[in-house]
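The values are calculated or read from the model by the stated rules, or taken from the named source; none is laboratory data. This one's a predicted model, so the numbers in the text were calculated from it and none came from an experiment. Backbone-built Cβ (ideal geometry, glycine too); neighbour counts: all protein chains shown. Surface accessibility is based on the protein's heavy atoms, side chains included, excluding ligands, DNA and RNA. Shrake-Rupley method; radii C 1.70, N 1.55, O 1.52, S 1.80 Å.
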Amino acid sequence: MSGTDGIPTVWVFGDQLNRERGALAGRQPGDCRVLLVESEALVASRRWHRQRLHLVLSAMEHFAVELRAEGFEVDMRRAATLGQGLRDHCAEYDVERVVAMEPASWDAHAVLERLGVELVRNDLFLCHYDDFARWAAGRKRLTMEDFYRWQRLRLGVLVDRTADGGTQPVGGQWNFDHDNREPPPRDGRAWPPIQRFELDNIDRAILDRLPSTTFGADPDGTWPVTRAQALTRLREFIDHGLAVFGPHEDAILAKEWKMAHSVLASSMNIGLLHPAEIVAAAELAHRRGAAPLSSVEGFIRQVIGWREYVWGVYWLWMPGYRAGNALNATRPVPPAFTGAAPTDMACVASVIRHVDEHGYAHHIERLMVLGNLALTAGVEPAAMTAWMHASFVDGADWVMLPNVVGLALFADGGKMATKPYASGGAYINKMSDSCKGCRFDPKLRTGPDACPFTTLYWDFLARNADTLAPNHRMARPLAAMRNLRDLPAVRERAVEVLQRLDAGTL
Ligand code: SF4
């Protein structure tokens, strides 16, 4: 796309709303024009959670307003597709060339290449996928822990200099997981509050035009739509959440949708916050004694470890990664997840209530409740990925594919996780407060009161025994399954559980 006498157009996408990064870095009003396109095809492509769709559309419009206030000429337009938006823009303006930051998703990257858009490096992450590929080259296994330590050293995060000029992790160890696996506190304590941002005219106008196909509660100002709001959320977390984040980061409380989780991912994933400033703020809090190392290390591992690792493996393994289905799972997403039917499973009901009310569930709710049930029931990876992408405020292709295909559903055959994250009701009973009020019993695997998680855990092992047998980490669970005297009855109960899960009567 090029013209002759015009100025360049900088095309900014809805997940790149950062003034200092990518193709906008160093730009001044007058030396370029800014294009933002709201694609009707993208809006119509999924059954979005209302807060997810509202967040992106509102943040784009607020970003356009801020750029105009700075003096930029901004073309914010709606079009049938992204490509049509660019064609309409080029027909209306004298465009010298079009520049954009590399998109975060594979499909958008392919679209921009087809359109001949000039791409500059995506610097919204601390490790670009080209650098990740260099780190990965020649390694037999790409373990997150190895990547995370490499990031810590490379970025100088939570590392100290030793007397002999070397480096060591702050506190003498890399990982404080053992301090961060406490069960949920039952003392009814208050969790760090967060500010709800007042909806303005832009927010209300977008709310009025959200399509009827969307689901979930209306936006209530929970999710920052401007950089100023995102910075407020970051400050709230550093001041009130970080110190108490660690110990219970893996616990679930039915009535606490976020506990001490940062809820910063939605802001990072659309560009309002950069991981570098989040990590710097967290590390500083520890260095000045405001937060214990175990909490700070656990949080930083999520940001520079897990988040950047899934981004790296996504680009390393796409496009084939999308088709992963190593366990040949074909079940649709359960009606209990989509809201098409209520459920008696108390843990699922509380997590789905969090999703419905906030477009959010924290990582253990996603992995050990929703992902675990989808894994053991055999939900099709592509369907589960699509549902999660549309249902969470921080959803994105690069987020959901590795987390669902690789981590939750073991659908990549073990490229990412060393064994399936399958568990019965005992794990959920230990790490949540859901079971005591549930109509099922986590200890039972047969009979009408058997916990569906417990029944399906054993059935999952029996169903996939041949596929999982070569994995030495599965030897003990498989042996335990084979030793079950009541395995035939468990498998019979599993047939009923799966039928009721599909029918929305469980
Ligand atoms: Fe969930 Fe089973 Fe516990 Fe009920 S008994 S809350 S279904 S784990």
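According to the square roots a ≥ b ≥ c of the eigenvalues of the Cα gyration tensor, what is the shape class of the stretch 104-215, taking rounded for a/c under 1.5, prolate for a/b larger than b/c otherwise, and oblate for the remainder?
Oblate, because a/c is 1.5 or more while a/b does not exceed b/c.
Where both partners of a DSSP beta bridge lie in the chain, what percent of those bridges are antiparallel, to the nearest 5?
Percent antiparallel among DSSP bridges in the chain is about 20.
Using a Förster radius of 22 Å, what is the FRET efficiency between LEU444 and ASN328 based on their Cβ-Cβ separation? Nearest 0.05, please.
About 0.20, to the nearest 0.05.
I need the phi-derived Karplus couplings for the stretch 341-348: 6.51 cos²θ - 1.76 cosθ + 1.60, θ = phi - 60°, integer Hz, Gly and Pro marked x.
For the stretch 341-348, the Karplus-derived couplings read 8, x, 9, 8, 6, 4, 5, 5 Hz, x marking Gly and Pro.
Enumerate the calculated ³J(HN,Hα) couplings along the stretch 58-73 in order (Karplus 6.51 cos²θ - 1.76 cosθ + 1.60, θ = phi - 60°), each rounded to whole Hz, writing x wherever the residue is Gly or Pro.
Rounded to whole hertz, the list is 5, 5, 4, 5, 5, 5, 4, 4, 5, 5, 5, 4, 7, x, 6, 7.
Counting Lys +1, Arg +1, Asp -1, Glu -1, what net charge surrounds GLU145 among other residues with beta carbon under 12 Å of its beta carbon?
Residues near GLU145 contribute +2 overall.
Could you provide, to the nearest whole Å², the per residue accessible area of the stretch 9-120 with probe 1.4 Å?
For the stretch 9-120, the solvent-accessible area averages 40 Å² per residue.
To the nearest 0.05, how large is the calculated FRET efficiency for ALA217 and GLU496 if R₀ is 30 Å and r is the Cβ-Cβ distance? Working shown, then result.
On the way: r = 33 Å, r/R0 = 1.11.
Efficiency computed from Cβ-Cβ geometry: 0.35.
Given the protein chains as shown and a 1.4 Å probe, how many square angstrom of GLU66 are accessible, to the nearest 10?
Surface accessible to solvent at GLU66 totals approximately 80 Å².
When ranked by the protection proxy of mean other Cβ atoms within 10 Å per residue, highest first, what sequence do the peptides 12-20, 441-449 form?
Highest mean packing first, the order is 12-20, 441-449.
Any idea what Rg and Dmax come out to for the stretch 323-503 if you just take the C-alpha atoms, in Å?
Reported Rg and Dmax, both Å: 15.3, 45.
Just check the stretch 249-386 against the gyration tensor rule for me: Cα atoms, a ≥ b ≥ c as the square roots of the eigenvalues, rounded for a/c under 1.5, and otherwise prolate or oblate depending on whether a/b exceeds b/c. Could you put the intermediate results ahead of the total?
Working: a/c = 2.40, a/b = 1.43, b/c = 1.68.
Note, shape of the stretch 249-386 comes out oblate.
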